[in-house]
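Take a look at the structure set out below.
The values are calculated or read from the model by the stated rules, or taken from the named source; none is laboratory data. Keep in mind it's a predicted model, so treat the numbers as computed, not measured. Cβ: placed from backbone, ideal geometry, glycine included. Neighbour counts: every protein chain shown. Please note that ligands, DNA and RNA were not included when accessible areas were found on the heavy atoms of the full protein model with its side chains. Shrake-Rupley method; radii C 1.70, N 1.55, O 1.52, S 1.80 Å.
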Amino acid sequence: QVQLVESGGGLVQPGGSLRLSCAASGFIFSHYAMSWYRQAPGEERELVADISRGGILKKYSDAVKGRFSISRENAKDTVYLQMNSLKPEDTGVYYCYANSRDSYVVVRDYWGQGTQVTVSS
């Protein structure tokens, strides 16, 4: 069985930091690109960050670029999201996402259950 389990969410004040983790199991982690998405109540789910299979290529949404950093540790089957200078607009449920591709087409993908991040004073 495939599992993606997020952790590290919580309540933080504006300007603070959090580090999210996503522990993967049930598939060959290093064969999958990984992403973080987030979703606020009543809002569309949006892509926050992507990281390639080997951890070399990374991309970020304009909203978080310069503040967030994605990384992975393939030996531990874990992907991370370091979030700094947090703003109230960053509040939402953060989801871990795994996908494999063949000729640029996604052929396998998996979602975690999400972890809540609340930025408020």
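Points worth noting:
- Selection of region 3-25 for residues being over 19 Å from Tyr60 (Cα atoms) and open to solvent by 60 Å² or more (accessible area, probe 1.4 Å) yields Gln3, Val5, Leu11, Gln13, Pro14.
- No other residue among Tyr37, Tyr60, Tyr104, Tyr80 is in contact with a Ser or Thr (Cβ under 8 Å, 6 or more places away or on another chain) and among the aromatic types (Phe, Trp, Tyr) apart from Tyr80.
- A count restricted to region 51-79 and to residues that are closer than 15 Å to Tyr97 by Cβ, part of a loop (DSSP other than H, G, I, E, B) and open to solvent by 60 Å² or more (accessible area, probe 1.4 Å) stands at 1.
- Filter result for Arg108 (among the basic types (Lys, Arg), surrounded by fewer than 21 Cβ atoms within 10 Å (Cβ to Cβ) and part of a loop (DSSP other than H, G, I, E, B)): no
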